[in-house]
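Reviewing the structure listed below.
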Amino acid sequence: MLVNGKWTAEWHPVQATDEKGGFVRQTSSFRHWVTPDGAPGITGSGGFIAEPDRYHLYVALICPWASRTLIARKLKGLESVISLSVVEPWLLDEGWHFGDYPGATRDTVNHKEWLHQLYTQADSGFTGRATVPVLWDKKTHTIVNNESADIVRMLNSGFGTLADSRIDLYPAALREEIDQLNAEIYPRLNNGVYRAGFATTQESYQEACDGVFAMLDSLENRLADGRPFLTGSEFTEADIRLFVTLIRFDAAYHGIFKCNLRPLQAYARLLGYTRRILAIPGIRETVNIDHIKQGYYSIKALNPNGIVPTGPDLGAYWPEEQHHG
Ligand SMILES: N[C@@H](CCC(=O)N[C@@H](CS)C(=O)NCC(=O)O)C(=O)O
C-alpha cells in the first residue's frame with residue numbers, strides 16, 4: 001500500500017483485521033461526482049462536468065467492485081464516452097500492473113506501469129491501498145472517485161444526455177428497496193465471501209461463511225415467485241451488485257475463499273438468474289473467468305504456490321459453450 005505517497009511492500013496480501021481476526025475493507029478516499037452541469041455531487045467538490053472523452057475508467061476484471069462499473073458503463077452506452085484500461089489479473093509486489101496479459105491493456109492515458117502511480121499523481125501524499133475501480137479525469141489529471149457504488153450511480157445519472165436514458169439502474173420508485181437489498185447483500189455476501197476468505201480465526205471464518213450461505217438461501221427463496229430480477233421485472237443496480245459475486249462464486253469463492261458448503265450451481269434459481277443476466281447483451285463481455293481464476297488463486301497468503309485449479313466445470317452457466325475465457 002501507499003504510505004505518505006511512498007509504496008511499501010509489507011501489505012501483501014492479508015489486509016486489515018479487526019480484534020477477532022476478521023477482514024476489514026478500506027473505505028474509499030476520492031469521492032467527487034461527475035454531474036451533467038458540473039455541480040458538486042453528494043460528496044466531494046464540483047467541476048466534474050459530464051463531457052465526452054474526458055473521463056477514463058481503470059478496472060481489474062478479477063474485481064467484483066470494478067466489474068460493477070464496467071457493466072454500468074456498458075449498459076448505459078458509455079463505452080465511447082468513457083475510455084477504459086484493464087490491469088493484469090494479479091496483485092503483484094507493487095499491486096495492480098498494466099501489461100500485456102490477454103484481456104489486459106496498457107495505461108493509454110497516463111502511461112503508468114502500476115496503478116499506485118495514479119494515486120500518487122492525484123495526491124502525492126496519499127496513504128492507503130491503491131484499489132480499482134478508479135474513475136480518472138483526463139482534464140484535471142486527478143481521480144474523480146474510487147468507490148464503485150458511487151461510480152455506478154454517476155454512470156447511471158451523472159452523464160445526462162451522453163448516456164442511454166432508456167435504462168435506469170436506480171429508478172426512483174425502487175430506490176428504497178434497492179438500498180435495502182444492497183445493505184443486506186453487501187456485508188453478508190459481496191464482502192462476506194472476502195471476510196470468509198481472509199479470516200484469520202476459525203470464529204470469524206465461521207461467522208462469515210454462515211452469513212454467505214444464509215444470504216444465498218434467502219435470495220433463492222426471493223426468486224421463488226418467478227421474478228426475473230431482485231426487485232421484480234426491472235434489472236437494477238442491485239442485480240449488478242449481486243451478479244458480480246454470483247459469477248465468481250464457483251470459479252473462485254467456493255475454492256480459494258472456502259465458501260464450500262454448496263456451489264452456486266446447487267441453487268437452481270440463482271443459477272437461472274445468473275444465466276439470465278449473462279444473456280443481457282453486453283454483460284457477458286465484462287466477465288473474464290480466466291482473469292478471475294488467475295487473480296484469486298494468486299493470493300499468496302491463501303495459496304502460496306499459486307496453483308490455479310482446472311475446474312470447476314462452468315458449463316451450466318454457458319450451456320452453449322464449455323467455458324468462456
Ligand atoms: N470500496 C471499493 C473497494 C474496491 C476494492 O477493494 N478493490 C480491490 C480489488 S477487488 C483492490 O483493488 N484491492 C487492491 C488492494 O487492496 O491492494 C469499491 O467498491 O470501489
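Tell me which GluC sites (Glu not before Pro) from segment 165-219 have a DSSP coil assignment and no more than 13 other beta carbons within 10 Å of their own. Of the GluC sites (Glu not before Pro), not one in the loops of segment 165-219 has a Cβ with at most 13 other Cβ atoms within 10 Å. How large, in percent, is the carbon and sulfur part of the accessible surface of the chain at a probe radius of 1.4 Å? Roughly 52 percent of what the probe reaches on the chain is carbon or sulfur. Which of these, Q265, Q202, Q294, has the largest mean-square fluctuation under a Gaussian network model of the chain (Cα springs below 10 Å)? Its mean-square fluctuation being the largest, the pick is Q202. Extents of segment 237-314, taken as max minus min of Cα coordinates on every principal axis and listed largest first, are 37, 26, 23 Å. Among V34, V308, the sequence by solvent-accessible area, most first, with a 1.4 Å probe is V308, V34. Per residue, the convex hull spanned by the Cα atoms of segment 1-118 amounts to 147 cubic angstrom. Taking a Cβ cut-off of under 9 Å around G22, the surrounding Lys, Arg, Asp and Glu residues balance to a net charge of -2, with basic ones at +1 and acidic ones at -1.
Among the listed pairs K20/K300; K6/K112; K258/K300, a Cα-Cα separation exceeding 19 Å is found for K20/K300. Normalised by the number of residues in the chain, the mean separation of alpha-carbon contacts (under 8 Å, six or more apart) gives a relative contact order of 20 percent.
Of all beta bridges that DSSP places with both ends in the chain, some 70 percent have antiparallel geometry. Computed from backbone phi with θ = phi - 60° and the Karplus coefficients 6.51, -1.76 and 1.60, the 3J(HN,Hα) list for segment 28-33 is 6, 10, 9, 10, 7, 10 Hz; x is used for glycine and proline. Each helix, a run of at least 4 DSSP H residues, gives -39500 (n - 2.57); summed and divided by the residues of the chain, these come to -9000 deg cm²/dmol at 222 nm.
When only Cα pairs below 8 angstrom with a gap of at least 6 residues are kept, segment 1-135 shows a relative contact order of 26 percent.
The charge dipole of the chain, taken about its Cα centre with unit charges on the Cβ of Lys, Arg, Asp and Glu (plus for the first two, minus for the last two), comes to roughly 80 debye. The value of relative contact order for segment 172-280, using C-alpha pairs under 8 Å at least six residues apart, is 29 percent. Evaluated with a Cβ-only charge set (Lys, Arg +1; Asp, Glu -1), segment 65-159 carries a dipole of roughly 460 debye about its Cα centre, given to the nearest 20.
Rounded, prolate or oblate, given the Cα gyration tensor of segment 225-268, with a/c below 1.5 counting as rounded?
Cα axes put segment 225-268 in the oblate bin.
Centroid-to-centroid, using Cα positions, segment 119-141 and segment 253-325 are 30 Å apart. A 1.4 Å probe run over the protein chains yields, for the chain, 42 Å² of accessible area per residue, whole-number rounding. Shape verdict for segment 128-287, please, from the Cα gyration tensor: rounded (a/c under 1.5), prolate (a/b greater than b/c) or oblate. It comes out oblate by the Cα gyration axes. About its Cα centre, segment 1-168 has a charge dipole of approximately 300 debye under the convention of +1 per Lys or Arg Cβ and -1 per Asp or Glu Cβ, with nothing else charged. Every Cα-Cα pair of the chain was included, and the share exceeding 31 Å stands at 29 percent. Taking the chain as a Gaussian network of alpha-carbon nodes connected by springs under 10 Å, the highest mean-square fluctuation of the residues V152, V144, V81 belongs to V81. Summarising the amide proton neighbourhood of T142: residues at separation of 5 or more, or on other chains, whose placed amide H is nearer than 5 Å comprise D137.
Can you give me the Cα centroid spacing of segment 36-109 and segment 199-250 in angstrom? Distance between centres, Cα-based: 25 Å.
The values are calculated or read from the model by the stated rules, or taken from the named source; none is laboratory data. This structure is a prediction, so every number in the text was calculated from the model and none was measured. Heads up, the Cβs are rebuilt from the backbone with ideal geometry, glycines too, and the neighbour counts pull from every protein chain shown. Heavy atoms of the whole protein, side chains included, go into the accessibility calculation; ligands, DNA and RNA do not. Shrake-Rupley method; radii C 1.70, N 1.55, O 1.52, S 1.80 Å.
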